[in-house]
Structures are given as structure tokens and as C-alpha cells.
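Below is one structure, written out as C-alpha cells; the observations come after it.
Coordinate-derived values only; no laboratory data. Owing to the predicted nature of the structure, the values given are computational and were not obtained by experimental measurement. All Cβ positions, glycine included, derive from the backbone under ideal geometry; neighbour counts span all protein chains shown.
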Amino acid sequence: MGFYINHQQNILRDVSLSGEIRYYKGKYKVKVLTESKGNWIVEALEPFEDKIRGEKVMVKAGERRIVSPNLLFKRKGLPPPVREHTYELKMEKKLKHIIEREDEALGSATKQKRRSLTKPRRKGR
């Protein structure tokens, strides 16, 4: 554990030196060099492409960066799958329910016609 002085604000801040391996954005292997209350300094262990202020930047192995600790993960992993909007799912369910009610009311002949219209055609036909 070490200390450094922020020259602009003359504040003594607590800094921890670490050699921990983390994954930047859950994808890219980095080594944590220093940990502080705000941002951490990391060293890239593999090259990767990153976006900074909307611009794509190539980060080389061994390059040091200042990053937010919430972008560093202990395990490599994929981001969670994108979930469809809840409203769309509810409306789709309601539409299916309405179609089923109409089919029951109109009979099986109309039901078969509707199914033939909604089924995708095979290329062989």
C-alpha cells in the first residue's frame, strides 16, 4: 500500500499496488498495476480494439491505461444476452391469444387457411 500526493488539489490519496489479472470489459486480459478510489491503472496483456470518445483505438500489449474499476471483471465472460422489450413480448402474446379465439369462433376451415398463410413455404415447392 502506498500514498501519493495529487499536486492539483494537494490531497493525499490511498493507492494500492496490485499484480492482479482482470478482464477489461469482460473480454481482454489486463494486469492491474495500481488501485485507487477513482480509476485504476492497468497494463494490457494482449492487443485489442477499444472505443475512446467514439473513436476506435488499437491498444497494444504492454500499453498502460487508466480505466474505471467497474469495467474490470475477475472472470472472462460474455455480456448478458439482449432482452426484448417487455411491452413487445406482452403485445405478441395478446395477439396470439386473439388469433386463437377467432380461430375457435370461426371453425377449423378458416384455421387451416390462416395456418397456410402464416407458414413459410419450402424452396422445393
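Excluding K74 itself, calculate the net charge of residues whose Cβ lies under 11 Å from the Cβ of K74, where each Lys or Arg counts +1 and each Asp or Glu counts -1.
Working: positive: R22, R75, K76; negative: E20.
Result for the local shell: +2.
Among Y24, Y87, which comes first, then next, by fewest other beta-carbon atoms within 10 Å?
Working: Y24 20, Y87 8.
Ordered from fewest to most neighbouring Cβ atoms within 10 Å, Y24, Y87 come out as Y87, Y24.
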Sequence-distant residues sharing a close amide H with G26 (under 5 Å, placed H): F73
Under 5 Å, built H, 5+ apart or other chain: amide partners of S18: T34, E35
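What number comes out for the charge environment of M58, summing +1 per Lys or Arg and -1 per Asp or Glu over other residues with Cβ under 10 Å away? Could you put the intermediate results ahead of the total?
Working: positive: K56, K60; negative: E49, D50, E63.
Every neighbour counted, the sum reads -1.
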